[in-house]
Amino acid sequence: MEGRNRVIIEAVSPQIDCGRYPVKRIAGEELVVQADIFCDGHDEISARLLYRQQGLVDWEQLPMQRLGNDRWQGSFSLTFAGLYQYTVTAWVDHFRSWQKDLLKKHQAGQNIEIELLIGIAYIEKGAKSSTGEESDRLQAISASLMKTRDLPKKVLLVSDPEIAFLLNAVSSSSLATTYHQELKVIVERQKALFSSWYELFPRSCAPEPGRHGTLKDCCGLLPEIAEMGFDVLYLPPIHPIGTSKRKGKSNSTQAKPGDPGSPWAIGNAEGGHKAVHPGLGTIDDLQVLIQEAKSYGVEVALDLAFQCSPDHPYLTQHPEWFLWRPDGSVQFAENPPKKYEDIIPLNFETDHWQELWDELKSVVFFWMDIGIRIFRVDNPHTKPFRFWEWLIQEAKQKSPDVLFLAEAFTRPKVMHELAKLGFSQSYTYFAWRSSKEELTSYLNELTHIEVREVMRPNFWPNTPDILPEHLQYGGRAAFVIRLVLAATLSSNYGIYGPAYELCVSEAVAGTEEYLNAEKYELKQWDRDQPGNLKTVIAAINRIRRENAALKETSNLKFYQSDNDSILFYGKSSPEQDNIILVAVCLDPFHTQAGRIRIPIADFGIEPDRPYLVHDLLNNEKLIWQGEWNRIKLDPEKLPARIFRIRAKLRREVDFEYYL
């Protein structure tokens, strides 16, 4: 350590766990960096923000600005997906310190001739260190100072902020302090922040009853999926399914002839994690689906489930990757009292862990080579954290645009750790949060500054494994309520497709399991049956696409409602002049009315001026005035309203237009 370094740099933000993990951003955003920077005495300080893309040697440098109370700020643009590094450097700025002291001495009437010579020496040194126009400008300033005999004019010349700016640009003090860490930000593409997921089982996509659906059949559903406004089509595992210990309908331990088994019981003699179930088609069929989906603006996501059926080739080729019991049987998956006899977990504590890691990486790379760039990862919390950190880093080095969604319904700290080590998005507890207090508290937790730096929530009101109680008993209105909440509270959301849009609510008694769950059997869905939600879904997804405010999660704010059955909240995008307010009736059985408080001061609306309100769901246009306004929500008709506030349109001509 150089003993003459006088500047202290502390509290650099953003950083996670003292810089152990990268923060997350989206390509095109600015990363704003702040730090406490100070030194002894009264000297002036200059500070720079250093940044570079990982792999590059040279740092880009930008000046930082003082905010006050020794807090400094700078920012840089995140142009491309990938990993960036950043840090802060600062030094005592002797020229600016000299400028400040010179003015004080001059104003006090002291002799400053010697001080002026010191300043000229600084300028001449800077001219020698610089090139081009900067050098010419500094040399010209030095010459002017030497020629000028008028003292006030000399003082005016050397006080010019341009000189300090020019000298700062070429300054590279040997006594600069650089923050002790090179921090990281992982930059991902836009879909990491904003996406609408639709999950379906390809084997249930056949138009004819009783036939096993194929990937080609999925192509036929793309127009409908795109029309509803989804941009991610998520497929559960598409691999061959084990035959021994296969589960039958309704999770029966005795499969009958023709029972297709659970797609998560991966592998048989026809192949494992790098194969497609013959009943679904071929690798070529998957590539056709990927390209067809792309033509509709939809991206295909695959399930990544690192587990095996008892028939997976790994068990015979690599028995060392599994746990074997004293009786010679292999350990199947358990979550007592539940048993999953058709699934064999991998043993990540094997002495051959490196070979296991390399093989699993090859699985991810195999599907990436096919064209997959989104993976929904099954139960990542049951595999080592360090494995996922390594694997995700390896995948992003291969292609920075690859995204991973963590399906980890587990303890909060475990979920946060998975997010910190690289998962792009995360499932959440949203499915079980239903009251006003629960939703407000949970969303405030998710949008807290430390959590939002790394964890991007993806809200799912249902999954093939989860049919929450409020959907079992709340009727069609409950499905609309949860849809609006998921799609507007979070910028990422998804639904387990046909079951949701058709409001399927039948569950195994006393559980959250679907009755006659599609996980264990083929389904024949009548997607056009009366009461389906396709029109509502399409409208909500259109509103999401057309309003920048809904393309973020961390900008969420809750507002007052005098009825606990009405949740009122909003999002805004100042850059796009886009303000969205959402009122949702949380009671699926009764009409609810009440007053909601619009924070007009936050939106620049004067209390005595009317403002335009457009209900985007039913296309109703209103003129409101003041903070408090009354609404009524009928769950049988439409249990929510999504308002766009036209805060800047106040001229009479605008009112005429909207009326």
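The values are calculated or read from the model by the stated rules, or taken from the named source; none is laboratory data. From a predicted model like this one, the values you see are computed outputs, not experimental measurements. Here the Cβ is made from the backbone with ideal geometry for all residues, glycine too, and neighbour counts use every protein chain on show. With ligands, DNA and RNA removed, areas are computed over all heavy atoms of the protein, side chains included. Shrake-Rupley method; radii C 1.70, N 1.55, O 1.52, S 1.80 Å.
For a straight C-alpha distance cut-off of 13 angstrom, the aspartates and glutamates reachable from residue 100 (same-chain residues fewer than eight places away being disregarded) are 43, 44, 115, 160. Kirkwood radius for the stretch 110-155, taken over all pairs of different Cα atoms as the inverse mean of 1/r, rounds to 11.0 Å.
For the stretch 236-392, what Kirkwood radius comes out of the mean inverse Cα-Cα distance, in Å? Mind dumping the intermediate values first?
Numbers: mean 1/r = 0.0603 Å⁻¹.
Result for the stretch 236-392 stands at 16.6 Å.
Distant-in-sequence amide contacts of residue 322, defined by a placed amide H-H separation under 5 Å and a gap of 5 or more residues or a different chain, comprise 347.
Three principal axis extents describe the C-alpha atoms of the stretch 55-152; from largest down they are 57, 36, 16 Å. Estimated at the nearest 10 Å², the accessible area of residue 212 is 50 Å² with a 1.4 Å probe.
Residues with amide H under 5 Å of residue 372's amide H, sequence separation 5 or more or different chain, H placed in the peptide plane at 1.01 Å from N; which? Those lying under 5 Å, H to H, from residue 372: there are none. Each residue of the stretch 551-564 was assigned a 3J(HN,Hα) from its phi angle through the Karplus expression (A = 6.51, B = -1.76, C = 1.60, θ = phi - 60°), giving 8, 10, 10, 5, 8, 5, 9, 8, 10, 6, 9, 8, 10, 5 Hz with x at Gly and Pro. Each peptide in 508-515, 161-168 was scored by the mean count of other Cβ atoms within 10 Å over its residues; highest first, the order is 161-168, 508-515.
For the chain, treating each Cα as an identical point scatterer without solvent, what Debye log10 I(q)/I(0) comes out at q = 0.05, 0.11 1/Å? Result of the Debye calculation: -0.33, -1.13. Give the accessible surface of the chain per residue, rounded to a whole number of Å², with probe radius 1.4 Å and ligands, DNA and RNA excluded. On a per-residue basis, the chain sits at 45 Å². Evaluated with a Cβ-only charge set (Lys, Arg +1; Asp, Glu -1), the chain carries a dipole of roughly 1020 debye about its Cα centre, given to the nearest 20. Per-residue 3J(HN,Hα) values for the stretch 504-512, derived from phi via the Karplus relation 6.51 cos²θ - 1.76 cosθ + 1.60 with θ = phi - 60°, read 5, 10, 7, 10, 5, 3, x, 9, 9 Hz in sequence order (x marks Gly and Pro). Close amide-amide hydrogen proximity is noted between residue 304 and 376, 377, 378, each under 5 Å apart and 5 or more residues distant or on a separate chain (H modeled in the peptide plane; Pro and chain starts excluded).
Relative contact order of the chain, taken over Cα pairs closer than 8 Å and 6 or more residues apart, is 10 percent.
Ranked from highest to lowest mean number of other Cβ atoms within 10 Å per residue, what is the order of the peptides 183-194, 71-82? Intermediate results must be reported in sequence, preceding the final value.
Numbers: 183-194: 20.7, 71-82: 17.4.
Sorting 183-194, 71-82 by mean packing, highest first, produces 183-194, 71-82.
Please report the carbon-and-sulfur percent of the accessible area for the chain; probe 1.4 Å, protein heavy atoms only, DNA, RNA and ligands left out.
Numbers: 14840 of 29770 Å².
Here carbon and sulfur together make up 50 percent of the probe-accessible area.
Close Lys pairs in the stretch 475-633 (alpha-carbon distance under 19 Å; sequence gap of 8 or more, or different chains): 4. Counted over the stretch 399-540 with a bin width of 5 Å, the fraction of Cα pairs per bin, in whole percents, is 2, 9, 18, 20, 19, 15, 10, 5, 1, 0.
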